[in-house]
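Since the structure comes first, as structure tokens, the remarks are kept for the end.
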Amino acid sequence: MLRKQLWPAIAMTFVLMIITGGIYPGIVTVLAQVLFPHQANGSLITTSTGQVTGSALIGQTFAKPEYFHTRPSAAGNGYDDTASSGTNKGPTDLKLADTLVKQAIDSAVAQDGAVRGKVPSDMVTSSASGLDPDISPANAAQQVARVARTRGASVDSIRALVGRHTTGRQFGFFGEPRVNVLLLNLALDSSFSRPTTANSSK
Amino acid sequence: MTVNGWLQILFYSAILLAVTKPVGIYVLKVYDGSMRWLAPIERIIYRVCGVDPDEDQHWTRYAAAVLVFSAVSLLVTYFALRLQSVLPLNPAHRDAVPDRQAFETAASFTTNTNWQSYSGETMMSYFSQMTQLAFHNFTSAAGGMAAAVALARGVSRRSAGKLGNFWVDLTRGTLYLFIPMCIVLALLFVQQGMIQNFHPYITATTVEGAKQVLAMGPVASQEAIKELGTNGGGFFNANSAHPFENPTPWTNFLQILAIFIIPAGLVYAYGRMVKNARHGWAIWAAMFILFFSGVATAYWAEARGNPIHAARGVDVVASATNPGGNMEGKEVRFGIANSALYATITTDASCGCVNSMHDSFTPIGGLVPLVNMQLGEVIYGGVGAGLYGMIMMVVLTVFIAGLMVGRTPEYLGKKIQSREVRMAMLYVLVFPASILLFSAVSVLLPAGLKGLNNAGPHGFSEILYAFSSTTANNGSAFAGLTGGSYYYNTTLGLATLIGRFAMQVPMLALAGFLAERKQAPETAGTFPVTTPLFVVLLIGVILIVGALTFFPALALGPVVEHLLMGAGKLY
């Protein structure tokens, strides 16, 4: 009985492999490249000279004080798109509570004047992918004063820029409000002068 | 918890209810043969494969076809992964997949599990992703649907044990159901920013001047079947948390809808196939109640956050600008509500894709996915597998109800006697035996303890989750567990095979037995399977079978961890 099914099984495997593994992704690729080439190729951001700065969808590491900072990341050494990952630390993990979260809180308090007990929850936790391009509006608001101070700009003007780069819920309903850090920082660089090198290396 | 969060969950529920009937009608037409617009392609496939589409297979032959097809496709994938370095479409020059991982991956994708011990972005070539993994995503889903439809035929016909033709069901499911829906869904995904290309990885120079390598690939086409086929295997390591795999809240909504849409529609279709539409809706209602209880619990737990982190200074209270709650392992664009919703749905169905890291959930938040899997993936469940798992529970319910009133139990006019109950019990027992025995052995062996990422009760939860997930053919993980060792690759791979085939064969046997029985007319003593009483009893049986079997293990994992978290204990 098993033998009789052998030829159909072998033939079916290869026929369906060609259809589902070749023809189907082929159709999708062609349609995607024709209809939505920008998105299909990674929503890349390029400089005027054609150099790729990154993808609007993938977060980057920001350490300098004149930029808004992305969330802590467990992807490789931080925002490594070839090693997407969360910490996978559980709720009673010692390292998570007393090293990762605690250090992030200490730094938010020291750098951004955050108040213990009022630190936005996304600011001191790692995302699931380690590539989160967004921060919450509360997280961005917490960083406004530092960015304004470093750039010698007024707090109100930076806050207004953050407001313009805050994305509400999609269609007014889905998901959560958020700020894309890479796009915000690019807008910062084009609207406000960067501090001198000595200042920015801190 | 926020008002908007609850509204999103309720909106999802309403849309699910609205699409159930239209999708169910489509499913009916696919499997009763009345849909014919691809008939020429069908005919060519049957001729090439030497299949007689008019042959009505006895349950033994149907089961043989399932097993042989699975074995052949598993072997093909094993060798394709081992030979990946010399096969085409490998721009990043990936080496051969190691033997242990090639076996586990082939087993895991053949069984609709998609447990992954590798990182897609560093292990798999585009060729392997597309022609092997996505191929299994289609065929394991179509195979599950075929088995469920065969069961429906067994219940509804009197045909000397004949259940239809596996090759025809497999082909028609792939051609009419999955491919058209996937093409539409994939394009909706790309429009939102999901990638679909064959470029080599791109090196970017970041704003601060560092190098960042951006992974590329044909992601959208694989994503669509990943959800519609309840497979769950991610293109990238972070699965649907990766922005290229789930760029916006809208794609997130489409993904969770895609996971439930076919299993929910199939329940309606089942009601129509067995000529009792209200029975279909009664099962749907039981599934919905279990689903909603799960998501409410998970949302509550995650929104409440981690008191230990709150004591360190995190603001866990949600506001208009602060997500609050437990944001460890979650993305800002999804927040707490959509992460809890996704985690519940992906483990209700045997999908296993994740948009947040379950390992970092609070103990009760992580308990929900774990229990969902341990209930046997019957809450809508995997495509096909969810329905036939649920019908096993229905048979048990009818049997128990029959014993209570002292009558021969019957189900939709078919008498349930000892050989039917024996098959249902075999189905019910194989499942916890695999999970609990593998977990117990792993706790005792140094090789089992070596891969843990967390200490204390959470470490035990990682092991329990791994074997629950693989046996239930789910594939999600408490991903801290390092599954890439000979010990885990082998045992987890075996668990996926047991969870699929040691359960599918008794189920097909039961279907065959039922098909041999003649239809008895309904009498006053027949236990009605369309009433609220039936729904309550069914839920009761599911919870008692699941809860009593797994409670001791759960007490050692998430339950005790919850108490320890309250006491501020760290490991």
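Residues are listed down the side, and each one gets a yes or a no for (1) surrounded by fewer than 24 Cβ atoms within 10 Å (Cβ to Cβ); (2) out of contact with any helix residue (DSSP H, G or I) (no Cβ under 8 Å at 6 or more places or on another chain); (3) under 30 Å from B:G335 (Cβ atoms); (4) not charged (D, E, K, R):
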{"residue": "A:I19", "(1), (2), (3), (4)": "yes, no, no, yes"}
{"residue": "A:V34", "(1), (2), (3), (4)": "yes, yes, no, yes"}
{"residue": "A:G50", "(1), (2), (3), (4)": "yes, yes, no, yes"}
{"residue": "A:Y79", "(1), (2), (3), (4)": "no, yes, yes, yes"}
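Looking at the structure I just gave you, is A:D81 under 21 Å from B:S240 (Cβ atoms) and either more than 7 Å from every other protein chain (Cβ to nearest Cβ) or touching a residue at least 40 places away in the same chain (Cβ under 8 Å) (or both)? Give the steps one after another, and end with the answer.
Working: under 21 Å from B:S240 (Cβ atoms): yes; either more than 7 Å from every other protein chain (Cβ to nearest Cβ) or touching a residue at least 40 places away in the same chain (Cβ under 8 Å) (or both): yes.
Yes; evaluated as a whole, the condition is true for this residue.
Against the definition (within 24 Å of B:P558 (Cα to Cα) and within 10 Å of chain B (Cβ to nearest Cβ)), how does A:A108 come out, yes or no?
Working: within 24 Å of B:P558 (Cα to Cα): no; within 10 Å of chain B (Cβ to nearest Cβ): yes.
Criteria not met by A:A108.
Listed residues B:G499, B:G475, B:G483; which is in contact with a helix residue (DSSP H, G or I) (Cβ under 7 Å, 6 or more places away or on another chain), closer than 19 Å to B:I379 by Cα and either of a type in the set (A, V, I, L, M) or assigned to a loop (DSSP other than H, G, I, E, B) (or both)? Break it down into steps so the answer makes sense when it comes.
On the way: B:G499 fails: either of a type in the set (A, V, I, L, M) or assigned to a loop (DSSP other than H, G, I, E, B) (or both); B:G483 fails: closer than 19 Å to B:I379 by Cα.
Answer to the selection: B:G475.
Examine region B:318-340 for a residue that is under 22 Å from the mean Cα position of the chain (by Cα), more than 9 Å from every other protein chain (Cβ to nearest Cβ) and either closer than 23 Å to B:S117 by Cα or not aromatic (F, W, Y) (or both), and state whether such a residue exists.
yes
Among B:T297, B:T248, which is within 14 Å of another protein chain (Cβ to nearest Cβ) and polar (S, T, N, Q)? Break it down stepwise before answering.
Numbers: B:T297 fails: within 14 Å of another protein chain (Cβ to nearest Cβ).
Sole residue among the options that is within 14 Å of another protein chain (Cβ to nearest Cβ) and polar (S, T, N, Q): B:T248.
Restricting to region B:35-69, name every residue that is among the hydroxyl-bearing types (S, T, Y) and under 30 Å from B:M423 (Cα atoms). Please lay out each step first, then the result.
As a first pass, look at region B:35-69 and keep what is among the hydroxyl-bearing types (S, T, Y): B:46, B:60, B:62.
Selection gives B:T60, B:Y62.
Going by the structure shown, is A:R71 charged (D, E, K, R) and modelled with pLDDT under 95?
On the way: charged (D, E, K, R): yes; modelled with pLDDT under 95: no.
Against the criterion (charged (D, E, K, R) and modelled with pLDDT under 95), A:R71 does not qualify.
Does A:S191 fit the bill of being more than 7 Å from chain B (Cβ to nearest Cβ) and at pLDDT below 95? Spell out how you get there, then give the answer.
Numbers: more than 7 Å from chain B (Cβ to nearest Cβ): yes; at pLDDT below 95: yes.
Yes: the conditions hold for A:S191.
Looking at A:V147, A:V101, can you tell me which residue is buried (at least 17 other Cβ atoms within 10 Å of the Cβ), more than 17 Å from the chain's Cα centre (by Cα) and over 27 Å from B:S360 (Cβ atoms)? Even if it seems obvious, please write down each step before you answer.
Values: A:V101 fails: over 27 Å from B:S360 (Cβ atoms).
Selected residue: A:V147, the only one of A:V147, A:V101 that is buried (at least 17 other Cβ atoms within 10 Å of the Cβ), more than 17 Å from the chain's Cα centre (by Cα) and over 27 Å from B:S360 (Cβ atoms).
Output the number of residues of region B:471-501 satisfying the condition of being closer than 14 Å to B:T110 by Cβ and not aromatic (F, W, Y). Before you say what the answer is, go through the steps one by one.
Applying the first criterion (closer than 14 Å to B:T110 by Cβ) to region B:471-501 yields B:473, B:475, B:492-501.
After this cut, where a residue has to be not aromatic (F, W, Y) as well, the list is B:473, B:475, B:492-500.
Residues that pass the stated criteria total 11.
So B:G164 passes all but one of these: (1) in contact with a Lys or Arg (Cβ under 9 Å, 6 or more places away or on another chain); (2) under 26 Å from B:A92 (Cα atoms). Which condition number does it fail?
Evaluating B:G164 over (1) in contact with a Lys or Arg (Cβ under 9 Å, 6 or more places away or on another chain); (2) under 26 Å from B:A92 (Cα atoms) leaves (2) as the failure.
Pick out the one residue from A:T196, A:T125, A:T166 that is at pLDDT below 95 and of a type outside the set (A, V, I, L, M).
Values: A:T125 fails: at pLDDT below 95; A:T166 fails: at pLDDT below 95.
Exactly one residue qualifies, and that residue is A:T196.
Out of region B:43-89, which residues are of a type outside the set (S, T, N, Q), surrounded by fewer than 22 Cβ atoms within 10 Å (Cβ to Cβ), part of a helix (DSSP H, G or I) and more than 11 Å from every other protein chain (Cβ to nearest Cβ)?
Answer for region B:43-89, where residues must be of a type outside the set (S, T, N, Q), surrounded by fewer than 22 Cβ atoms within 10 Å (Cβ to Cβ), part of a helix (DSSP H, G or I) and more than 11 Å from every other protein chain (Cβ to nearest Cβ): B:R43, B:Y78, B:F79, B:R82, B:V86.
State all residues of region A:37-55 that are facing chain B (nearest Cβ under 8 Å), in contact with a strand residue (DSSP E or B) (Cβ under 8 Å, 6 or more places away or on another chain) and either on the phi < 0 side of the Ramachandran plot or of a type in the set (K, R) (or both); if no residue qualifies, say none. Spell out how you get there, then give the answer.
Keep residues of region A:37-55 that are facing chain B (nearest Cβ under 8 Å), which gives A:39-44, A:51-55.
This time we only want the ones that are in contact with a strand residue (DSSP E or B) (Cβ under 8 Å, 6 or more places away or on another chain), so: A:40, A:42-44, A:51-55.
Of everything in region A:37-55, those that are facing chain B (nearest Cβ under 8 Å), in contact with a strand residue (DSSP E or B) (Cβ under 8 Å, 6 or more places away or on another chain) and either on the phi < 0 side of the Ramachandran plot or of a type in the set (K, R) (or both) turn out to be A:A40, A:L44, A:Q51, A:V52, A:T53, A:S55.
Please work out which residue is surrounded by the most Cβ atoms within 10 Å (Cβ to Cβ), limiting yourself to region B:545-571 and to residues that are facing chain A (nearest Cβ under 9 Å) and assigned to a helix (DSSP H, G or I).
By that ranking, first place goes to B:E561.
When residues of region B:425-441 are filtered for being of a type in the set (S, T, Y) and at pLDDT 95 or above, how many remain? Full working, then the answer.
Taking region B:425-441 first, the residues of a type in the set (S, T, Y) are B:427, B:434, B:439.
Then drop every residue that is not at pLDDT 95 or above, which leaves B:434, B:439.
Residues that pass the stated criteria total 2.
Would you confirm whether or not region B:107-119 contains a residue that is among the small types (G, A, S) and part of a helix (DSSP H, G or I)? Reasoning before the result, please.
Within region B:107-119, the subset among the small types (G, A, S) is B:107-108, B:117, B:119.
Pick out the ones that are also part of a helix (DSSP H, G or I) and you get B:107-108.
Yes: one or more hits.
Only residues that are among the β-branched types (V, I, T) and either part of a helix (DSSP H, G or I) or at the interface with chain B (Cβ under 7 Å from one of its Cβ atoms) (or both): list them for region A:111-131, please. Please lay out each step first, then the result.
Initial filter on region A:111-131 (among the β-branched types (V, I, T)): A:115, A:119, A:124-125.
Those that are among the β-branched types (V, I, T) and either part of a helix (DSSP H, G or I) or at the interface with chain B (Cβ under 7 Å from one of its Cβ atoms) (or both): A:V119, A:V124, A:T125.
Restricting to region B:164-203, name every residue that is among the small types (G, A, S) and part of a loop (DSSP other than H, G, I, E, B).
Selection gives B:G164, B:G193.
Taking region A:84-96 on its own, how many of its residues are part of a helix (DSSP H, G or I) and either surrounded by 22 or more Cβ atoms within 10 Å (Cβ to Cβ) or more than 7 Å from every other protein chain (Cβ to nearest Cβ) (or both)? Break it down into steps so the answer makes sense when it comes.
At the first step, the residues of region A:84-96 found to be part of a helix (DSSP H, G or I) are A:94-96.
Remaining after also requiring either surrounded by 22 or more Cβ atoms within 10 Å (Cβ to Cβ) or more than 7 Å from every other protein chain (Cβ to nearest Cβ) (or both): A:95-96.
Residues flagged as part of a helix (DSSP H, G or I) and either surrounded by 22 or more Cβ atoms within 10 Å (Cβ to Cβ) or more than 7 Å from every other protein chain (Cβ to nearest Cβ) (or both) within region A:84-96 amount to 2.
The values are calculated or read from the model by the stated rules, or taken from the named source; none is laboratory data. These numbers were taken from a predicted model, which means no experiment stands behind them. Positions of Cβ are backbone-derived with ideal geometry, glycine not excepted, and every protein chain shown enters the neighbour counts.
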